[in-house]
1. Which links in K14/K195; K110/K195; K147/K241; K114/K222; K63/K222 stretch past 30 Å when you go from one Cα to the other?
2. To the nearest 20 Debye, how big is the dipole of the chain about its Cα centre, given +1 on the beta carbon of each Lys and Arg and -1 on that of each Asp and Glu?
3. About the Cα centre, and with charges only on the beta carbon of Lys, Arg (+1) and Asp, Glu (-1), how big is the dipole of segment 1-94? Nearest 20 debye, please.
4. With springs only between Cα atoms under 10 Å, which of Q67, Q149, Q185 fluctuates most in a Gaussian network model of the chain?
5. With a sphere of radius 14 Å drawn around the Cβ of I95, what net charge do the other residues whose Cβ falls strictly inside it have (Lys, Arg +1; Asp, Glu -1)?
6. Looking at segment 112-215, which chymotrypsin sites (Phe, Trp or Tyr not before Pro) are in a loop (DSSP not H, G, I, E or B) and have at most 11 other Cβ atoms within 10 Å?
7. Relative contact order, percent, of segment 53-106 when contacts are C-alpha pairs under 8 Å separated by at least 6 residues?
8. Using alpha-carbon positions, what is the distance between the centroids of segment 116-150 and segment 197-241, in Å?
Amino acid sequence: MREKIAAGNWKMNKTLDEANTLASELKGMIADEVKGDSIVILCTPFPYLLTIKNLIGSGTRIKIGAQNCSEHEAGAYTGEVSAPMLKSLGIPYVILGHSERRQYFGEDGKLLAKKVDVALKHELTPIFCCGEPLEVREANGHETLVKKQVEESLFHLDATALQKVVIAYEPVWAIGTGKTATAQQAQDMHAVIRKHLASMYGDVANNISILYGGSVNAANAKELFACADVDGGLVGGASLKSREFTEIAKSF
Ligand code: PEP
């Protein structure tokens with residue numbers, strides 16, 4: 001379903017006390033200040049998922065997400081966290097294929113297709129990330145690469161399954177660098193992704209939320225979110241500050 005989404009990726013940040021403080025502040029600010037029908041997703045480190053979920057409670061636009069899950073459902077995979085575990089905690093979202101997972105943990109399109117499948121099997125909504133590194137953008141290969149990333153990990157799904165996926169376009173050169181894609185660059189790539197989805201799934205492409213990620217902040221969110229094919233943002237650094245992230249969530 002196509003929704004307006006402000007998702008925060010906390011990455012490997014915050015102690016438990018700090019995480020509780022951030023979530024409590026966000027709970028109040030977002031309830032008081034965010035209008036309309038958008039949703040907010042807090043993707044916290046694994047150890048805090050349940051605590052933050054309980055702190056946020058129900059009857060709010062704030063949902064909780066994990067930042068990764070295993071491609072396996074259970075077994076001897078020390079240190080891993082499975083989709084059934086997340087489901088059992090009542091966690092509805094999971095980021096998959098973040099560029100940091102691709103870069104530092106060698107996750108590729110084939111593996112991510114398995115993670116997407118296992119997440120969907122256990123009724124988690126994958127926030128599937130794609131995006132090109134700087135050298136690919138400079139060589140004008142960004143459209144080809146991103147279409148390939150989407151194809152490799154999502155095109156085996158049927159239309160019903162695809163509609164349960166959120167896509168995040170995150171140019172790697174814009175992540176954590178303070179260098180944001182212009183609204184035009186974001187819109188152009190989101191339109192390319194949506195057109196590519198339409199080539200396979202027809203009108204279903206219009207039901208998919210495509211988020212932009214890469215140095216989104218309170219100053220640039222409005223312009224980015226106003227683009228026709230940008231349905232919100234996946235936000236790293238700026239999601240760690242309650243005032244800044246609330247301003248982003250108010251930018252629809
Ligand atoms: C991210 O980690 O997904 C991200 C977009 O980070 P930042 O907003 O810090 O660039």
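Throughout, read-outs are computed from the coordinates displayed, never taken from laboratory work. Remember, predicted model here, so these are calculated numbers, not experimental data. Reconstructed Cβ throughout: ideal geometry from the backbone, glycine too, with neighbour counts over all protein chains shown.
1. Values: K14/K195 38 Å; K110/K195 22 Å; K147/K241 33 Å; K114/K222 35 Å; K63/K222 22 Å.
In this structure, K14/K195; K147/K241; K114/K222 lie more than 30 Å apart at Cα.
2. Values: 27 positive and 30 negative charges, 74 e Å.
So the magnitude is around 360 debye.
3. The calculation lands at about 220 debye.
4. Q185
5. After counting each charged neighbour, the total is +2.
6. Working: sites: F128, F155, Y169, W173, Y201, Y212; in loops: F155.
Loop-located and lightly packed - none at all.
7. RCO, segment 53-106: 38 percent.
8. Here the two parts' Cα centres lie 14 Å apart.
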